[in-house]
Amino acid sequence: MYKSLWKNLHGAVCSINFYSDNGIKLTSLTGFKVDNYIVTDEYIYKILKCDEVVFQFVKDDGFSQSRTIKMSFIEFTDRVNRLVEYENEGFALIEFDQIDTSEIPSMSINLEKDFSIGQQIAVIGYHVDQDNLSLKNGIISSFFKQKNDKRFIQFDAAIKQGNSGSPLIDVESGKVIGVAGYRLAAITKSYEAFKQIIEENLRLLKKSEGQMNILEIDPIQVLIANQNQLKQVSKEFYRSAAMSFGYAHEICSLSNYIEILNASDYVENSMQTPL
């Protein structure tokens, strides 16, 4: 069952890598193709600066490259659809118009909320520190709602940073029922809170920098260096942390956005067609 699922669907999943101008990978997510769009986690809205974005698809072995698509960050931001962002759906759509992706398979979306606790699921995605695509299995363990009344799916497959944007797949039908969101996890919230504490400490310390000297050493600079070390160590812990369960945004509404976008493209193209 899982072997067939992998064979049919792995080709639609890609890593989305963000690089600085000197070629350093800043972060990465997972995405997957639906029609002529790449679907991923809402985290891409938080990425405000980089130099290049690279979409990488792999072959059946999970690591040999099958297709690489590169674009500047400016082009990438132009392709990110903001309608989904404004509606706070939890997932994001990246338009791949005028890019030939005919050889890349497209995933199907489950349009009904007919899945239940105990149902078998699979997650196909990447880890931020690895280039290979992997398949994980589990079950739906629960559901919950947040303040915006949107429902989230809790599943017991282990995930790591980089799995954000991975498709949550109903094993029986092979259709996508959700988009994994790593930032929903408690460990992410703790990490963000810890970062805020360190940033506040640095802000206060820098106000006093240069005002004290002990044996020709500024103790404030020592404390600033210490806080920056803690910041780096916490980042590495967060990058390597794995969770025995994950959360996903429901994706039933995705088809509505694609219909709206395809209709608007049709209208726009019709208006541009000469008589």
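Values quoted throughout were computed directly from the atomic coordinates according to the rules given, and no laboratory measurement underlies them. Not measured: the values here are computed from a predicted model. Here the Cβ positions follow ideal geometry from the backbone for every residue, glycine too, while neighbour counts run over all protein chains shown.
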How far is the Cα center of region 83-107 from the Cα center of region 2-49, in Å? 11 Å
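Based only on other Cβ atoms within 10 Å, what is the fewest-to-most ordering of Phe143, Phe152? Write down the numbers at each step before the final one.
Values: Phe143 14, Phe152 17.
Arranged by neighbour count, lowest to highest, Phe143, Phe152 become Phe143, Phe152.
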Are there trypsin sites (Lys or Arg not before Pro) in region 1-102 that DSSP marks as loop and that have at most 12 other Cβ atoms within 10 Å, and which are they? Lys49
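How do Arg203, Arg151 rank when sorted from fewest to most other Cβ atoms within 10 Å of their own Cβ?
Numbers: Arg203 9, Arg151 13.
Ranked by crowding around the Cβ, least crowded first: Arg203, Arg151.
Assuming R0 = 35 Å, can you tell me the calculated FRET efficiency for the pair Lys25 and Lys145, based on Cβ-Cβ distance, to the nearest 0.05? If you can, show how the numbers build up before the last one.
Details: r = 35 Å, r/R0 = 1.00.
That pair, Lys25 with Lys145, gives E of 0.50.
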Against the longest principal axis of the chain, how steep is helix 219-240, in degrees 0 to 90 to the nearest 10, with axes from Cα atoms? 20 degrees
